[in-house]
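For reference, the structure is listed below as structure tokens.
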Amino acid sequence: MIKRSALENLKKWKDDRDRKPLVMKGLRQVGKTSLLKRFGEEYFEDTAYFNFDEQKDLADLFRGNISPSAIVESLSIMHGRSIVPG
């Protein structure tokens, strides 16, 4: 039931034209990653998954005075496919 409710909340976020970036926070080992992967598979044509705990060099992309487009370009290279708005 909780997962269904969480998926519905994520769908509302997705459908909001003025949505902000999504940040998922919570206790360890409660299903955040599984929930977001399922949400991505069900509601998006393509998703990119990055794990900052497993890929320590990801944090370097966000250091310094770097533009969002440069971050997305670097993430696209790591993902192996273009990351596009939407």
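The values are calculated or read from the model by the stated rules, or taken from the named source; none is laboratory data. Quantities reported herein were computed from a predicted structural model and do not represent experimental measurements. Just so you know, the surface numbers come from the protein's heavy atoms only, side chains and all, with ligands and any DNA or RNA stripped out. Shrake-Rupley method; radii C 1.70, N 1.55, O 1.52, S 1.80 Å.
In this structure the chain gives 86 Å² per residue of accessible area when probed at 1.4 Å with all protein chains present. Percentage of Cα-Cα pair distances in the chain greater than 15 Å, rounded to whole percent? So the pairs more than 15 Å apart make up 67 percent of the total in the chain.
When a 1.4 Å probe is rolled over the protein heavy atoms, the share of accessible surface on the chain that falls to carbon and sulfur comes to 52 percent. Region 1-45 and region 49-86 have their alpha-carbon centroids 20 Å apart.
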